[in-house]
Amino acid sequence: MSERRSNEVPPEERLRADDGCPLFSPRLEEHLVALSRGEVPARGHFCGHCYTPITRDTVACPHCGNDARSGRRPVERVPDAILDILRAQRRTESTWVNGLAYFGLVIAIVGGISIVLAIPFLRDRLIWATVLYGLILLVGGRMLAGFLGGYFGDRWGYARARARMREAWEEWVARRDGRGGGGSAADR
Ligand SMILES: [Zn+2]
């Protein structure tokens with residue numbers, strides 16, 4: 001597998017959707033992330049349906065199966081609307097992850113105070129109370145933030161982002177294929 005990037009959600013660890021929407025293949029996602037960092041040129045060769053990077057010789061898209069000869073023709077760059085959809089998806093996901101991480105921190109802050117105040121031994125011993133509270137904040141805050149943000153935030157954020165992305169994709173396909181009387185039915 002590819003190496004991890006510490007500041008990104010690794011594409012291979014994303015929850016994979018099986019909902020009929022072809023956005024985003026891991027290869028397209030990697031390409032768009034690299035593009036946003038200026039590491040790759042925008043021009044290339046992409047599937048005409050799902051915009052997965054393909055080679056000039058590719059006939060059937062490895063991601064969506066679109067036939068480059070009889071189906072939608074390959075394109076030279078990913079449309080801006082698709083870039084926007086990916087940006088919106090990442091924004092939604094990171095909002096959920098960060099929001100729930102902060103919520104975990106708040107639980108540690110409030111819970112820590114409650115615990116310290118509930119122990120009679122600590123009421124007259126400010127130093128020990130501070131030490132214990134500090135430990136609860138450090139360890140508990142870290143764990144709760146990681147658990148709530150990294151686990152629930154990741155899943156809920158992905159689900160929300162995915163739902164919005166599907167709508168955006170269907171609108172995009174309707175607009176893209178609409179004028180040609182295209183074949184993509186907007187069925188569920
Ligand atoms: Zn494709």
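The values are calculated or read from the model by the stated rules, or taken from the named source; none is laboratory data. The structure presented is a predicted model; accordingly, all values stated were derived computationally and were not measured. Please note: Cβ atoms are built from the backbone with ideal geometry, for glycine as well, and neighbour counts cover all protein chains shown.
Computed values, structure above
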{"item": "Complete set of residues in region 62-117 that are of a type in the set (S, T, N, Q) and either touching a Phe, Trp or Tyr at 6+ places or on another chain (Cβ under 8 Å) or over 19 Å from Gly44 (Cβ atoms) (or both)", "result": "Ser70, Gln89, Thr92, Ser94, Thr95, Asn98, Ser114"}
{"item": "Positions within region 1-34 being loosely packed, with under 12 Cβ neighbours inside 10 Å and at pLDDT 90 or above, in sequence order", "result": "none"}
{"item": "Count - residues of region 22-79 that are within 11 Å of the ligand (Cβ to nearest atom) and part of a helix (DSSP H, G or I)", "result": "2"}
{"item": "Options Leu117, Leu100; residue that is assigned to a helix (DSSP H, G or I) and modelled with pLDDT under 95", "result": "Leu117"}
{"item": "Unique residue being touching a Leu at 6+ places or on another chain (Cβ under 7 Å) and either in contact (Cβ under 8 Å) with a residue 12 or more places away in the chain or away from the ligand (no atom under 16 Å from the Cβ) (or both) when the list is Trp128, Trp96", "result": "Trp128"}
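Listed here are the residues, each with its yes/no results for (1) buried (at least 18 other Cβ atoms within 10 Å of the Cβ); (2) hydrophobic (A, V, I, L, M, F, W, C).
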{"site": "Gln89", "(1), (2)": "yes, no"}
{"site": "Thr92", "(1), (2)": "yes, no"}
{"site": "Leu122", "(1), (2)": "yes, yes"}
{"site": "Leu137", "(1), (2)": "no, yes"}
{"site": "Leu148", "(1), (2)": "yes, yes"}
{"site": "Tyr158", "(1), (2)": "yes, no"}
{"site": "Arg166", "(1), (2)": "no, no"}
